Structure formats: C-alpha cells, structure tokens
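Just below is one structure, and these are the notes that go with it.
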Amino acid sequence: MPIVESRADQPKAPKSKLGSKPSAKGDLKSPSLREVEKQSGSSPNGLTSEEARCRLEKFGPNAMPDTNVHPLRTAVEKFWAPVPWMLAAAIMLELVLGKYVEAAIIGALLVFNAALGLFQESRAQATLAALKSRLALTASVRRDGVWKTVPAAELVPGDVVKLSLGGVVAADVQLTGGEVLLDQSMLTGESVPIEAGAGVQTYAGALVRRGEAVAQVTSTGARTKFGRTAELVRTAHVVSSQQKAVLRVVRNLAAFNGVVIVMLVAYTWFLEMPLAEIIPLVLTAVLASIPVALPATFTLASALGARALARHGVLPTRLSAVDEAATMDVLCSDKTGTLTRNALTVTTVRPMPGFDVPHVLALAALASADGGQDPVDGAIRTAALSKAVSDAPRMVKFVPFDPATKMSEATVADPGGGTQRIVKGAFAVVIGLAQPSPAAPAVAKELEGQGFRVLAVAAGPPTAMKLAGLIALSDPPRSDSAALVTELHGLGVRTVMVTGDAPATAAIVAHAVGLDGAACPPGAIPESVHPEEFAVYAGVLPEDKYKLVKAFQKTGHTVGMCGDGANDAPALRQAQIGIAVSTATDVAKSAAGMVLTEAGLTGIVAAVKEGRVTFQRILTYTLNSIIKKIVTVLFLIVGLIMTGHAILTPLLMVIVMVTGDFLSMSLTTDNVRPSATPNAWRIGTLTIAGIITGICLLAFCTGVLAVGKFEFNLGTGALRTLSFAALVFGSQATIYAIRERRHLWGSRPSLWLAVSSVADIAIASTLAVGGIAMTPLPALVVAGTFASAAVFAFVLDIVKVPVFSHLRLS
C-alpha cells in the first residue's frame with residue numbers, strides 16, 4: 001500500500017498510520033489496486049451495470065452490518081445475574097407463603113437495581129453508530145462509460161469514483177489521477193491534512209478539503225479500514241474489575257450461607273419443627289444472604305465519582321471507568337496533544353554565512369501564507385513577529401505551496417528596488433535551487449537526527465539564490481507534562497508513550513517529560529510484553545495499540561489507554577480505562593470510558609485520585625455487606641439454638657434490608673482517604689476481614705439476645721424485636737468502625753452518612769417501641785441496646801486496627 005505523500009513543509013503523517021506496513025497475522029487486509037484489477041478484470045473506465053450487480057452480490061453492500069441490540073433485550077439482561085436470581089427466588093417463596101406485601105417490596109428492590117444498572121450500558125453500539133454516521137451517503141461513480149451518482153452502499157471493488165471538494169470518501173480507494181488535500185483526522189486523529197496524488201491509498205470517511213481526483217475502489221463494507229475498526233470495537237471487551245468483584249462476593253456469600261442454611265434446615269429437622277415454621281425460617285435466611293443493594297451501590301458510587309470528575313474536566317462515558325481508574329497501574333499515553341502541545345513551533349534557526357536569525361525568519365515569513373490554516377506557515381510567521389526586522393523586502397507576488405514542487409515561494413522587492421526570489425520548502429529541493437553550501441547538509445542531518453522537521457530557505461536573484469538558513473520545527477512538550485508524569489509515578493502508575501511518530505522524535509519528547517527507559521524496537525508488538533521493559537513505543541500502528549493493551553492485560557495489569565483517532569477506538573474499548581483526549585474524534589470519544597475536555601495529563605491524574613476515593617467508598621460498603629450477610633445467617637442459627645424459634649421473620653428481614661442495605665448506600669458519599677498506590681479487588685482478604693469483624697458483631701448480637709432471654713425473660717415475640725434492634729444498632733456501630741482503616745475518630749463522616757444513620761436508628765427505634773410490624777419493647781430496653789452498640793463500636797475499633805494492618809487492607 002503506497003504511503004500517503006506529505007507536503008514537505010508540514011508534519012508528515014506517521015508512516016505507521018498511513019503507510020504500507022504489513023498487517024499483523026490474522027488482520028483483514030485491503031487488496032491493492034493491482035490485485036483488485038487482476039481479480040476482477042476491472043477497467044480504469046469503470047464497470048458496467050451488470051458487472052457492478054454481480055460484484056454487489058459477491059462482496060455485499062458497502063455498509064457495516066447492523067448489530068444493534070434491542071432496548072428490551074438490554075433491559076431484560078439486567079435481570080440476568082446472581083443477585084436478581086436470588087431476589088427472584090425470594091419473591092417466589094414469599095408468593096407461595098401468601099406474603100404479597102413482602103413480595104412487592106422485594107420486587108421493587110429488584111426493579112430499582114435493574115434501573116440503576118442500565119446506567120452502565122455498553123457504549124459499543126454508540127461507537128458503531130458514530131462510525132456509520134461518518135461515511136458518505138452517495139458517491140459519484142463511472143458506470144457504463146458515464147458518470148452517475150449512486151448510493152454509497154452500492155459501490156463495489158473495481159468501481160471508478162470521483163473525489164471532489166467537500167465530499168466524503170465512500171470506500172477504501174487508490175487514486176489514479178488528480179491531486180487532492182485529504183483530511184483523515186477522523187480516522188487517524190492527526191489534524192494536518194494530507195496531500196495525495198496518483199498511487200496514494202486513502203480510506204472510507206476521509207474528507208476532501210481541496211482539489212479533485214479519480215480513484216478506484218479497493219475495499220468496501222466490513223473490509224474497509226473503517227469496517228475493520230468497527231469489527232474490533234464490537235469484539236473488544238474486557239470484564240471490569242467491578243463486575244468480577246460483585247460476582248466473587250455474591251459467589252462467596254452464596255457458598256458460605258448456602259452451607260449454613262443447610263445446617264439450619266438440618267437442625268430444624270432435628271428439633272422436629274413444623275414445616276409451617278421451617279419455610280419462613282429458610283426464607284428469612286435466603287433474604288439475609290442476598291447483598292441486594294451491592295450492584296446499585298457500585299453504580300451510585302461511580303455516578304457520584306463521575307459528577308466530581310466532571311468538575312475537573314473529565315467526562316466519564318462508562319461509570320465503571322471511574323473506579324477502574326483506581327486500579328490502573330499502567331497508562332499508555334499518546335504523545336501529540338497529551339504530552340506535547342499539539343502546536344508546531346520554531347525550535348531552532350540555523351542561519352548560513354551572511355544571514356542572521358531575524359532575517360532568515362523574515363524571508364521565510366514572506367514565503368508563507370498569511371492567515372491560512374497551515375500550521376507550519378503559522379508557526380514561522382509567529383516566530384518572525386517576535387524577531388521583526390526593519391529592512392524586510394516588500395512582497396510583490398506569492399505562490400502557495402505546491403505538492404508537486406514541495407515548496408512555496410515569493411517574489412519581493414528589496415530596499416534598493418531590485419527583485420529577489422525567496423523559496424521555502426524541503427531541504428533536498430531548496431538546496432538544489434541555491435548555490436552550493438558545504439556546511440548545510442551536515443546541519444540538516446543533525447537537526448533531523450534530533451527529530452525536528454527541517455525546512456530550508458533560500459533567497460536572492462532568481463538565477464543566483466543563496467541558502468539563507470535552516471528552520472527546525474517541533475511540537476514541544478507541555479510545560480506540566482514532566483511534573484504530571486512524576487506525580488503519576490508517585491501514585492504507582494507507570495506511564496509509557498505509545499505513538500505513531502518516528503523513534504527519534506518520540507525519544508526526545510519522552511526524555512523531556514521524564515520517561516527515561518528503553519524504546520521498543522521497530523516492528524510488530526511482541527505477544528508477551530511487560531510495561532517495565534520499554535518506556536517508549538514509537539512507530540506504532542493504531543491497530544497495534546489494541547494488541548499492546550491486550551498484551552499488558554495478559555500480564556495482569558490494569559491498563560489505561562489514551563487515543564484520539566477512529567483507529568484508536570478498538571484499543572480504547574479494550575482497555576479497562578479508555579481515555580479520549582480533548583482533540584479526539586467523535587468515534588474515539590464514543591469508544592472511550594472517559595473523555596478529557598482539556599489537553600494534557602491533568603485530567604488523568606484527577607481521574608486516578610477520584611477513582612481511588614470512589615474505590616474506598618465501594619470497598620467499605622462491600623466489606624459491610626459481607627459482614628452483615630454472614631452475621632445475619634449465623635445469628636439465625638444462634639437464635640434457634642438459644643430460643644428454639646426463628647428470631648427473625650421474613651418481614652423483619654425485609655425491613656432490615658430496606659433500612660440497612662439501602663440507607664447504608666450513603667457510604668458512597670463518605671469522607672475517605674484514597675490509597676497511595678493502585679487499588680485491587682482482593683476478595684479473599686476482604687472476606688477474611690469480614691469474618692473476623694463479623695465474629696465480633698455476632699458476639700454483640702448474641703450477648704444482647706442472651707440478656708433478653710435469660711436476664712429479662714422476654715417472650716419469643718419480644719426477643720425477635722430485640723434481635724432486630726440489636727442487628728440494626730450493631731450494624732451501624734460496625735459501619736463507623738470499618739469506614740476508617742485507622743481509628744474510627746480519624747475522619748469525620750459525611751453529612752449524608754450521618755443523616756442516614758440517624759434515620760436508620762430512628763426508624764428501628766420507632767418500630768420497636770411502637771410495636772409496628774413486631775412485638776413492642778420498652779423504650780428503656782431499646783435505649784440500652786443502642787448504648788451497648790455505641791460501646792461496641794469502640795471495642796470493635798480496637799480489634800479492627802491490627803487486623804486491617806495485618807491484612808494490608810487500605
């Protein structure tokens with residue numbers, strides 16, 4: 001595939017993005033023009049209608065397959081998970097027992113969970129829709145020897161098409177004649193248009209900014225570069241650590257509590273309890289085992305984190321990306337616009353003998369377009385203004401850049417009235433027009449070796465021009481990049497540069513921003529590569545970014561990926577945290593999990609910090625959920641042994657679920673300490689901490705029940721109410737003990753957490769004293785239980801600190 005020709009005085013598009021580097025094994029590669037002509041017998045004069053019809057049947061329409069998922073199916077899928085299954089089972093048992101109110105409450109909780117879960121719906125379909133919206137709707141094609149306009153979907157390989165000003169390229173094509181300026185930014189993310197002539201390959205979705213050309217279609221539909229990108233986006237998927245955590249917590253709780261429930265049933269059978277008492281007891285145990293609000297809490301915490309990030313110029317498009325940022329330990333950063341300013345500037349001017357820097361810039365400015373969109377000309381004119389000269393020649397005539405000659409020129413009148421010619425362009429071209437300069441080639445080689453774009457300027461009489469000097473341009477690093485890379489390193493995140501630019505350019509920028517390390521050798525990305533091996537990956541194809549992300553993930557890393565072009569979409573989709581930079585295309589933004597609204601790494605640093613805050617909140621709720629679910633089921637066995645009856649009814653258990661599980665969702669607003677290193681879901685460690693802490697809570701609840709049974713001689717109904725109060729108050733004490741990894745007085749709880757605690761305690765106390773849905777208890781007994789729970793919080797705190805420290809729970 002030919003390389004798209006770049007104009008000499010502007011940054012060339014990276015060869016890896018637009019050139020003929022072979023696709024990796026297994027990639028669907030577009031055929032060349034010769035291959036198309038050989039296989040199809042097509043003619044430069046176009047196809048006949050009959051030939052086009054046959055090829056349409058063979059290759060299919062020039063469109064991407066419709067993979068839209070019906071909204072109803074998406075909604076139904078939210079009910080297909082372990083927690084909804086357990087809730088559905090509980091609803092069935094309630095209905096069998098005729099408990100319609102309890103069944104309705106559990107059903108409402110089920111719907112609530114599903115509704116919140118829809119916020120995390122996949123963005124893959126939105127990405128594909130954005131891809132499709134970029135494609136041309138019609139195309140000018142030569143059929144039966146005449147030009148006609150047809151729907152873009154009817155194009156086939158071998159068709160001869162016309163590319164005109166303002167049009168969108170409808171398929172992958174190879175130019176056969178004419179010259180056009182192509183804007184491929186929506187595909188590559190590169191903002192500089194590309195000069196293209198005969199032999200150049202371009203892709204579906206490119207926009208014609210100037211000129212007119214004839215081209216032959218090489219690929220259509222799913223075989224185009226767009227189509228392959230869309231297919232990668234559709235298939236790119238990585239299960240979030242959040243999803244894995246929920247599944248593992250539910251699995252562990254189900255396994256543990258399942259065994260306990262079997263033991264519970266066996267003991268009731270031993271006691272020869274009637275079936276009418278066994279079934280409600282089993283139902284209560286099932287309800288106690290369900291972490292009903294766990295998925296909803298993950299969603300709510302992430303939504304609040306996303307809201308906070310929006311204030312820092314970061315817009316999450318997938319809620320799971322918020323807490324995923326907490327676990328990120330590798331960041332694949334783009335160079336242009338993220339580590340650099342994405343603005344060409346004049347870095348160095350090397351005047352030749354007889355000239356100085358201000359005059360070289362003045363001459364170059366005269367041979368540059370004024371007020372145009374060309375970033376090279378703009379950079380030169382800006383530099384010239386800062387070093388103005390008083391004796392600059394007067395412009396007579398200006399000839400803009402010509403891709404055929406690779407230079408621009410101007411005719412000027414000097415102060416003495418003479419006419420001079422000024423040329424600016426590629427060194428190889430300009431040096432051939434000027435008088436020999438022995439030192440110039442060495443200087444040009446030196447500058448190019450440093451990764452600069454080098455232009456030459458010559459001036460003088462038309463037949464005796466002298467080389468005035470060389471101008472080196474570059475996209476300099478942002479002033480804050482080095483500090484932010486260092487800050488990310490301090491947070492435990494390794495940053496690697498992944499760019500399509502030349503290795504020399506990439507190495508210079510990497511060193512400037514503090515990415516000191518080896519550069520990956522040119523060529524295909526190794527299947528097994530560790531982030532620690534290389535600091536720079538240069539000359540990388542956008543498709544290879546996808547492979548690099550997968551390679552890092554295979555070695556156990558949580559990867560963040562920066563990208564800007566449509567070709568970056570698969571990598572953005574595959575990464576746990578896909579980050580679209582501020583200048584990214586709509587397609588890249590749609591595929592990413594986060595979109596930065598400002599240039600640079602500032603937003604990424606903010607995402608890491610806020611993600612860790614969100615993670616700590618979710619971690620606290622998850623630990624609290626594990627403790628309560630284990631303790632409640634064990635408490636049923638203890639109560640059955642002590643009293644010979646079920647100490648909690650299904651209705652009391654539903655009230656505990658509503659007041660406890662859902663009001664404790666206020667932990668998603670709590671004031672927490674973010675960790676200094678990347679977080680990780682260590683469910684095994686979390687379960688051990690939950691069991692140890694849960695034993696303490698079980699001891700508290702058992703003690704309260706024992707006092708009520710043996711000291712106060714309360715009846716079965718009153719003991720149930722007392723058990724309910726002990727469980728609610730003890731759970732609140734546990735929340736305040738575990739919310740801080742250090743001592744509970746180490747930080748102040750959030751206002752919402754305090755309000756929800758007051759509401760939970762008030763509701764439980766009112767129901768217990770008033771005898772609503774339960775046997776009433778004296779207010780003094782309820783107050784005494786609450787006071788005991790307050791003391792228990794400090795006792796638990798003493799136990800918790802060394803346990804958390806030993807388990808490294810932070």
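The values are calculated or read from the model by the stated rules, or taken from the named source; none is laboratory data. Everything numeric in this text was worked out from a predicted model, so none of it was measured. Every residue, glycine among them, receives a Cβ derived from its backbone with ideal geometry; neighbour counts consider all protein chains shown. Heavy atoms of the whole protein, side chains included, go into the accessibility calculation; ligands, DNA and RNA do not. Shrake-Rupley method; radii C 1.70, N 1.55, O 1.52, S 1.80 Å.
Observations on the structure shown:
- Residue 569 vs. criteria open to solvent by less than 60 Å² (accessible area, probe 1.4 Å), free of Cβ contacts under 8 Å to residues at least 60 places away in the same chain and outside any loop (DSSP other than H, G, I, E, B): no
- All of 614, 622, 685, 649 fail the test of being buried (at least 18 other Cβ atoms within 10 Å of the Cβ) and farther than 30 Å from residue 313 by Cβ, apart from 649.
- In the range 587-602, the qualifying residues are those that are open to solvent by 10 Å² or more (accessible area, probe 1.4 Å) and under 14 Å from the mean Cα position of the chain (by Cα), and the one that is modelled with the lowest pLDDT is 590.
- Among (1) out of contact with any His (no Cβ under 8 Å at 6 or more places or on another chain); (2) open to solvent by less than 70 Å² (accessible area, probe 1.4 Å) - the single one residue 389 does not satisfy: (1)
- For the range 309-326, a tally of residues being of a type outside the set (D, E, K, R), farther than 13 Å from residue 594 by Cα and open to solvent by 10 Å² or more (accessible area, probe 1.4 Å) returns 0.
- Of the residues in the range 517-529, none is over 21 Å from the mean Cα position of the chain (by Cα), among the charged types (D, E, K, R), under 18 Å from residue 562 (Cα atoms) and in a loop (DSSP other than H, G, I, E, B).
- Residue match in the range 626-646 (condition: part of a loop (DSSP other than H, G, I, E, B), open to solvent by 10 Å² or more (accessible area, probe 1.4 Å) and among the basic types (Lys, Arg)): no
- Of the helices (runs of 4 or more DSSP H) lying entirely inside the range 245-331, the ones with 2 or more residues being under 16 Å from the mean Cα position of the chain (by Cα) are found at 294-310, 320-327.
- Checklist (1) free of Cβ contacts under 8 Å to residues at least 40 places away in the same chain; (2) surrounded by 16 or more Cβ atoms within 10 Å (Cβ to Cβ); (3) over 47 Å from the mean Cα position of the chain (by Cα) applied to residue 413, failing item: (2)
- Counted residues, the range 755-796 - those being touching a Lys or Arg at 6+ places or on another chain (Cβ under 9 Å) and either open to solvent by 50 Å² or more (accessible area, probe 1.4 Å) or more than 22 Å from residue 654 (Cβ to Cβ) (or both): 1
- Residue match in the range 572-584 (condition: touching a Pro at 6+ places or on another chain (Cβ under 7 Å) and either among the hydrophobic types (A, V, I, L, M, F, W, C) or open to solvent by less than 10 Å² (accessible area, probe 1.4 Å) (or both)): no
- Residue match in the range 424-442 (condition: in a loop (DSSP other than H, G, I, E, B), of a type in the set (S, T, N, Q) and over 30 Å from residue 504 (Cα atoms)): yes
- Every condition in (1) among the hydrophobic types (A, V, I, L, M, F, W, C); (2) without any contact (Cβ under 8 Å) to a residue 40 or more places away in the chain; (3) assigned to a loop (DSSP other than H, G, I, E, B) holds for residue 456 except the one numbered (3).
- Considered as a group, the residues in the range 433-451 that are without any contact (Cβ under 8 Å) to a residue 60 or more places away in the chain and open to solvent by less than 60 Å² (accessible area, probe 1.4 Å) include one that is nearest to residue 397 (Cα to Cα), and that residue is 434.
- Cβ-Cβ under 7 Å pairs, at least 6 apart or on other chains, the range 82-105 side crowded, with 20+ Cβ neighbours inside 10 Å, far side at pLDDT below 70 and of a type in the set (Lys, Arg): none
- Among the residues of the range 141-200, those identified as aliphatic (A, V, I, L, M), open to solvent by less than 10 Å² (accessible area, probe 1.4 Å) and at pLDDT below 80 are 187, 194.
- Among residues that are assigned to a loop (DSSP other than H, G, I, E, B), out of contact with any Gly (no Cβ under 6 Å at 6 or more places or on another chain), open to solvent by less than 60 Å² (accessible area, probe 1.4 Å) and under 21 Å from residue 379 (Cβ atoms), residue 469 is not included.
- Any hit, the range 352-368, residues being open to solvent by 20 Å² or more (accessible area, probe 1.4 Å), of a type outside the set (Val, Ile, Thr) and assigned to a strand (DSSP E or B): no
- Selection status of residue 590, in a helix (DSSP H, G or I), touching a Ser or Thr at 6+ places or on another chain (Cβ under 6 Å) and touching a residue at least 60 places away in the same chain (Cβ under 8 Å): yes
- Selection of the range 660-693 for residues being within 20 Å of residue 557 (Cα to Cα) and part of a helix (DSSP H, G or I) yields 683, 684, 685.
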